[in-house]
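Data first, discussion second: the structure below is written as structure tokens.
The values are calculated or read from the model by the stated rules, or taken from the named source; none is laboratory data. On a predicted model such as this, the values are computed, not experimentally measured, just so you know. In this analysis, Cβ positions are derived from the backbone assuming ideal geometry, glycine residues included, and neighbour counts consider all displayed protein chains.
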Amino acid sequence: MSANPVETPLPPPDFEREGKRYAHTAPDVQGWAIYELSEDREQFVNILEASSCRRILQECGDGLPDALSKTIFSEQERTRTEPWKVDPPQERAYWKRLAKMLATKSLDEDEPTTADQAAKTILHRIVRRYAEEIVGTFKIPTFRFARRFLTFFFGRLLNAAGGRTFTSLFSKKILLQEKLLVRGYVDHVRKLSKQGTVVMVPTHFSNLDSILIGYALDQVAGLPAMSFGAGLNLYNTGYTAYFMNRLGAYRVDRRKRNPLYMTTLKMMSKLLIQRGVPSLFFPGGTRSRSGELETKLKMGLLGTAVEAQRARYQQGRDDKVFIVPVILSYPFVLEAQFLIEQHLRREGQDRYIKAKDSFHSLRSILKFIWGVFSKGNEITISLGQPMDVVGNRVDSDGKSYAMSGRHVSTREYFRDQHGKVNKDLQRESEYTRLLANRIVARYHADGIVLPSHLVSYTAYAMLERSFPKDDLYAILRLPAEDFYFRTDALIKVMTQIRDRLLDMELEGNAKVSNELREAPDRILAHAIDSIGNYHIDKPLKYDSRGRLVSDNFSMLYYYHNRLSTYHLKSRVRWPKEMIGDERKE
């Protein structure tokens, strides 16, 4: 591997389409599946209740009273220890009354009931309550207002207006598609969205992800609105609750971990997909605290896509469910400091000692706020290679191809030995694991590496290499103000890693932004200009003497982690001197 920069810049891959805004595939909002579902909400709630109860009865068998008892107890504990404003009124009294009914086998009705009848009736009451809470609505006027508001919000956040002055912040010349970039298999996905049901499975780094992805897919990629899960805690605030209740989101209460609730929630996802509503959920389950790409995905919601496809085949339908990995590439993450500290406390426990909080003057805070609004930034959303529900590659006509390149029929995966499509949850759980592994592979192959990722990765790798006897927590305890990175060494190491990424791109195992094809000094300039925009304590910056320094090693580690799962350090030829130490100079 050469340590020298490539002489001739390589052309960008064909899949990159910069600055393009697509015409909408379905401009009539009233024809969207999510709107039709909202108009049919009452019937859908009934179906969700009935389907969930059937599944619970199948899973519990004779153990239903015990499952009900555990559920009611957990709900009583929740209402006692963790009440929320969004909770229904008199909720503690409701669960206390159900506990009494279960104990006495009495439903306060005139007709006598058996213990089995009482248990099933209580089950339906609980599941109905959950179903009514989970299923949202979609109101067209609210959606259109949200479109206008988010155009303003993201335009200001990314400074999509052409100028850099204070007045430009209020310019109406918004070129959002030049700053909020949707790349990858966009044309491919647009075509598939007309043939079947698209399920987006994004990486998860920020609380902005759901809104940002939903907005970009609608206004930049031209796709219909998708149903997505939103934490019930977001409904605690009146304004937030108003919009979330009317934008097609279904409510997810993470306080509820009992099997009855989880079954109802998963059934909600399955029925949405089965019905044909485009969906979005984060298979990693929560934001990446470390900054890494997800490598272990949760099987619950992924499994609902597999079940929905099988159910369609059982209904005699041929339309397919298409899984699309979505990879977010941020040059910065708004919550980075909070997330990495959570990760380090959880993983390191008493080995992690948080650095002393820095004091920031009013001048530095105002300078930071101005930097947020006055510097242009880009966020890249990459649509990865679409696949079917067992992880096979899918072409733009919806045909599936195995790893060998052979055309395969997805329906055949769900047939029994007699050729009949049948339900086999054990078999489908294995398909879900295969799908999860393929999604993780596409996260790495289709996610776009930015200059800030490369330079952060390089700088922390140099730090790590310079203190080989120290573990992570010992390195993070080093006083960052006493060290600086030798720029010539950083460029040598960065160039080797960049060249490896370019090789991986040719192999189909990575994608890089156009800036990474530029000269190394320009890559470094791009990175320093973007990575510090949203942080007062900057992961990397130039100090007053022109040296490359870090205000915070834990933040540098967070941004380094974006490339940590690519395993890029093994073939690097390390310079002898990489880190300068002021204490020895």
Exercise. Any idea which of (1) under 30 Å from residue 185 (Cα atoms); (2) surrounded by 23 or more Cβ atoms within 10 Å (Cβ to Cβ) is the one residue 459 doesn't satisfy?
Worked result: (1)
For this session: Within the stretch 326-341, identify whether any single residue is crowded, with 20+ Cβ neighbours inside 10 Å, over 18 Å from residue 398 (Cβ atoms), touching a helix residue (DSSP H, G or I) at 6+ places or on another chain (Cβ under 7 Å) and of a type in the set (Ser, Thr, Tyr), and answer yes or no.
Result: no
For this session: Might you let me know whether the stretch 239-248 holds any residue that is modelled with pLDDT under 90, in a strand (DSSP E or B) and either of a type outside the set (Val, Ile, Thr) or touching a strand residue (DSSP E or B) at 6+ places or on another chain (Cβ under 8 Å) (or both)?
Result: yes
Seminar exercise, completed: Going through (1) at pLDDT 95 or above; (2) touching a His at 6+ places or on another chain (Cβ under 9 Å); (3) surrounded by fewer than 18 Cβ atoms within 10 Å (Cβ to Cβ) one by one, residue 574 fails only at (2)
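Yes/no per residue for (1) modelled with pLDDT under 90; (2) farther than 27 Å from residue 275 by Cα; (3) part of a helix (DSSP H, G or I); (4) of a type in the set (S, T, N, Q):
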| site | (1), (2), (3), (4) |
| --- | --- |
| 27 | no, no, no, no |
| 35 | no, no, yes, no |
| 42 | no, no, yes, no |
| 47 | no, no, yes, no |
| 54 | no, no, yes, no |
| 72 | no, yes, yes, no |
| 119 | no, yes, yes, no |
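Yes/no matrix, rows are residues, columns are (1) of a type in the set (Val, Ile, Thr); (2) in contact (Cβ under 8 Å) with a residue 24 or more places away in the chain; (3) outside any loop (DSSP other than H, G, I, E, B); (4) within 30 Å of residue 540 (Cα to Cα):
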{"residue": "385", "(1), (2), (3), (4)": "no, yes, no, no"}
{"residue": "398", "(1), (2), (3), (4)": "no, yes, no, no"}
{"residue": "426", "(1), (2), (3), (4)": "no, no, yes, no"}
{"residue": "464", "(1), (2), (3), (4)": "no, no, yes, yes"}
Exercise. Could you say whether any residue in the stretch 316-332 is outside the structural domain of residue 456 (by TED's automatic domain parsing), part of a helix (DSSP H, G or I) and either under 28 Å from residue 560 (Cβ atoms) or more than 13 Å from the chain's Cα centre (by Cα) (or both)?
Worked result: no
Problem set entry | Pairs with Cβ under 7 Å, 6+ apart, first in the stretch 218-235 and on the phi > 0 side of the Ramachandran plot and in contact (Cβ under 8 Å) with a residue 24 or more places away in the chain, second assigned to a loop (DSSP other than H, G, I, E, B) and among the aliphatic types (A, V, I, L, M) | 222/23
Problem set entry | Residue count, the stretch 210-229 (criterion: out of contact with any Lys or Arg (no Cβ under 9 Å at 6 or more places or on another chain) and part of a strand (DSSP E or B)) | 2
Exercise. Can you find a residue in the stretch 470-488 that is surrounded by 16 or more Cβ atoms within 10 Å (Cβ to Cβ), of a type in the set (Asp, Glu) and free of Cβ contacts under 8 Å to residues at least 12 places away in the same chain?
Worked result: no
Exercise. Within the set of pairs 6+ apart or on separate chains, which have a first residue in the stretch 502-522 that is at positive phi, a second that is surrounded by 14 or more Cβ atoms within 10 Å (Cβ to Cβ) and part of a helix (DSSP H, G or I), and C-beta atoms under 8 Å apart?
Worked result: 508/445
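Please state which one of 125, 129 is buried (at least 19 other Cβ atoms within 10 Å of the Cβ), modelled with pLDDT of 80 or more, in the same structural domain as residue 66 (by TED's automatic domain parsing) and among the basic types (Lys, Arg).
Values: 125 fails: buried (at least 19 other Cβ atoms within 10 Å of the Cβ).
Among 125, 129, only 129 is buried (at least 19 other Cβ atoms within 10 Å of the Cβ), modelled with pLDDT of 80 or more, in the same structural domain as residue 66 (by TED's automatic domain parsing) and among the basic types (Lys, Arg).
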Exercise. Any idea which of 255, 312, 251 is in a loop (DSSP other than H, G, I, E, B), more than 17 Å from residue 429 (Cβ to Cβ), in contact with a helix residue (DSSP H, G or I) (Cβ under 7 Å, 6 or more places away or on another chain) and charged (D, E, K, R)?
Worked result: 255
For this session: Would you confirm whether any residue within the stretch 217-224 is crowded, with 19+ Cβ neighbours inside 10 Å, touching a helix residue (DSSP H, G or I) at 6+ places or on another chain (Cβ under 6 Å), among the polar types (S, T, N, Q) and at pLDDT 90 or above?
Result: no
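On the basis of being crowded, with 19+ Cβ neighbours inside 10 Å, in a helix (DSSP H, G or I), out of contact with any His (no Cβ under 6 Å at 6 or more places or on another chain) and among the charged types (D, E, K, R), does residue 190 make the cut?
Numbers: crowded, with 19+ Cβ neighbours inside 10 Å: yes; in a helix (DSSP H, G or I): yes; out of contact with any His (no Cβ under 6 Å at 6 or more places or on another chain): yes; among the charged types (D, E, K, R): yes.
Answer is yes for this residue.
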Seminar exercise, completed: Being over 30 Å from residue 348 (Cα atoms), at pLDDT 95 or above, among the polar types (S, T, N, Q) and out of contact with any strand residue (DSSP E or B) (no Cβ under 8 Å at 6 or more places or on another chain) narrows 432, 487, 458 down to just 432
Seminar exercise, completed: Checked the stretch 483-542 for anything acidic (Asp, Glu) and either in contact with a helix residue (DSSP H, G or I) (Cβ under 6 Å, 6 or more places away or on another chain) or outside any helix (DSSP H, G or I) (or both); matches are 507, 515, 518, 537
Seminar exercise, completed: When every residue in the stretch 37-64 that is under 26 Å from the mean Cα position of the chain (by Cα) and under 27 Å from residue 190 (Cα atoms) is compared, the one surrounded by the fewest Cβ atoms within 10 Å (Cβ to Cβ) is 38
Seminar exercise, completed: Of (1) at positive phi; (2) touching a Pro at 6+ places or on another chain (Cβ under 8 Å), residue 419 satisfies every one except (2)
